[in-house]
Amino acid sequence: MASYVDQEGALDIAPEAASVSDASTQDLPEYAIEAHQLRKVYKASGGQPAKEALKGIDLKIKRGSVFGLLGPNGAGKSTFINILAGLVNKTSGNASIWGFDTTVNPRQARGAIGVVPQELNVDPFFTPAEAMELQAGLYGVRKADRRTMEILEAVGLADKADAYARTLSGGMRRRLLVAKALVHTPPVLILDEPTAGVDIELRRQLWDYVKELNKRGTTIVLTTHYLEEAQSLCDEIAIVNHGEVVCCEPTEQLLSRIHEKRVLVRGENPITQVPESLNMLRAEITDDGQLSVMFNPTEIKLADILARINVAGIVVADLSTQEADLEDVFLKLTSD
Ligand code: ADP
Ligand code: MG
């Protein structure tokens, strides 16, 4: 088929920066993405006041990981990603992709990532095969190096290669966007809310493919507001809220917070301060005068806690325990 964009029309993106396979491991950066004090203020416009969408983000995303950016709507996830993609100008701070600063080496930085945008904007007049060729042209991928059918095959769209995009379902469009993001074989793939509006079956397919890509060496960054999704896919999770990173830790560590329980104790007499015997636990007095102790049952038994309370001379009138879950952790970290 005809190329829609000649080489003169190619975006200012270096395809040579894009391949994982042709670099020797020792030259590879430790971090696929680094952000230092990254800030974004959207200027006031059309009656809307100025908005500080990112308030100085510090993040390091390890090469080879599946990294989740988790946060409620409006947290700043897309802004962060769009700055990396070169679609939004940062206000201050730095970001680098694969070791290339996005302002000092924008060509190489952009060549090192593929971005699957949040919006399902697929040009209805191109077939998937044409859309892939167009994208390859934009990225200056030489004809001999193009892998249109191979990639379409991988995302399960081979049989739709010549179908009109307007006939594709939402899930197929999503997969086409993934395929387009991969034309220049970027070492880092960023997916912005990739499963919003995608049914469960397709979601699984998409995740299997993402896992497969990761196994073969691609670093994956995804944003989502589905906690479960982040839990099952990501090695590490950063929770963002109101333009700030409120926590960033390995998923397992985050999950261990979920295993926490809370015990609430009401004394025969009002409890006014946390007994010394509980100092090494996260204990506090609630507004209604109960003693609250957060604990991880794999580390300390409830009976031990009660014994410590007893030692402090507190006579227990009533006692209840509560489970915490990721929802709790998330709410706690993102509440004002
Ligand atoms: P998320 O992807 O986490 O939902 P966004 O990055 O899209 O968050 O938005 C972060 C904040 O910046 C929101 O308050 C949003 O309204 C605002 N915002 C996003 N894009 C623009 C824009 N182009 N102009 C002005 N404000 C914007
Ligand atoms: Mg978003």
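The values are calculated or read from the model by the stated rules, or taken from the named source; none is laboratory data. Given the structure is predicted, the values throughout are model-derived calculations rather than measurements. No Cβ is skipped: glycine too gets one built from the backbone with ideal geometry, and neighbour counts run over all protein chains shown. For accessibility, only protein heavy atoms count, side chains too; no ligands or nucleic acids. Shrake-Rupley method; radii C 1.70, N 1.55, O 1.52, S 1.80 Å.
Would you call residue 274 modelled with pLDDT of 90 or more and farther than 30 Å from residue 92 by Cβ? So that I can check it myself, show each step before the final result.
Working: modelled with pLDDT of 90 or more: yes; farther than 30 Å from residue 92 by Cβ: yes.
Yes; evaluated as a whole, the condition is true for this residue.
Taken together, the residues in the range 281-321 that are out of contact with any Pro (no Cβ under 9 Å at 6 or more places or on another chain) and either outside any strand (DSSP E or B) or modelled with pLDDT under 80 (or both) amount to 19.
Would you point out which residue out of 69, 134, 138 is in the same structural domain as residue 29 (by TED's automatic domain parsing), under 22 Å from residue 223 (Cβ atoms) and of a type in the set (A, V, I, L, M, F, W, C)? Talk me through it step by step, then tell me what you get.
Working: 134 fails: under 22 Å from residue 223 (Cβ atoms); 138 fails: under 22 Å from residue 223 (Cβ atoms).
Sole residue among the options that is in the same structural domain as residue 29 (by TED's automatic domain parsing), under 22 Å from residue 223 (Cβ atoms) and of a type in the set (A, V, I, L, M, F, W, C): 69.
What number of residues within the range 96-122 satisfy the criterion of being under 17 Å from the mean Cα position of the chain (by Cα) and closer than 21 Å to residue 193 by Cα? Qualifying residue count for the region: 8.
A search for C-beta distances below 6 Å between a residue of the range 73-101 that is more than 16 Å from ligand 2 (Cβ to nearest atom) and any residue that is open to solvent by 30 Å² or more (accessible area, probe 1.4 Å) and in a strand (DSSP E or B), counting only pairs 6+ apart in sequence or on different chains, returns 91/39; 91/41; 92/39; 93/36; 93/37; 93/39; 94/36; 96/34. Taken over the range 29-47, the criterion of being modelled with pLDDT under 95 and touching a Phe, Trp or Tyr at 6+ places or on another chain (Cβ under 8 Å) is satisfied by 29 alone.
In summary, residue 141 fulfils each of the numbered conditions (1) away from ligand 2 (no atom under 16 Å from the Cβ); (2) touching a His at 6+ places or on another chain (Cβ under 8 Å); (3) under 25 Å from residue 55 (Cα atoms); (4) not basic (Lys, Arg) with the single exception of condition (3). Among the residues of the range 261-278, is there at least one that is assigned by TED's automatic domain parsing to the domain that holds residue 109 and without any contact (Cβ under 8 Å) to a residue 40 or more places away in the chain? Checked against the condition, which is being assigned by TED's automatic domain parsing to the domain that holds residue 109 and without any contact (Cβ under 8 Å) to a residue 40 or more places away in the chain, the range 261-278 yields no hits at all.
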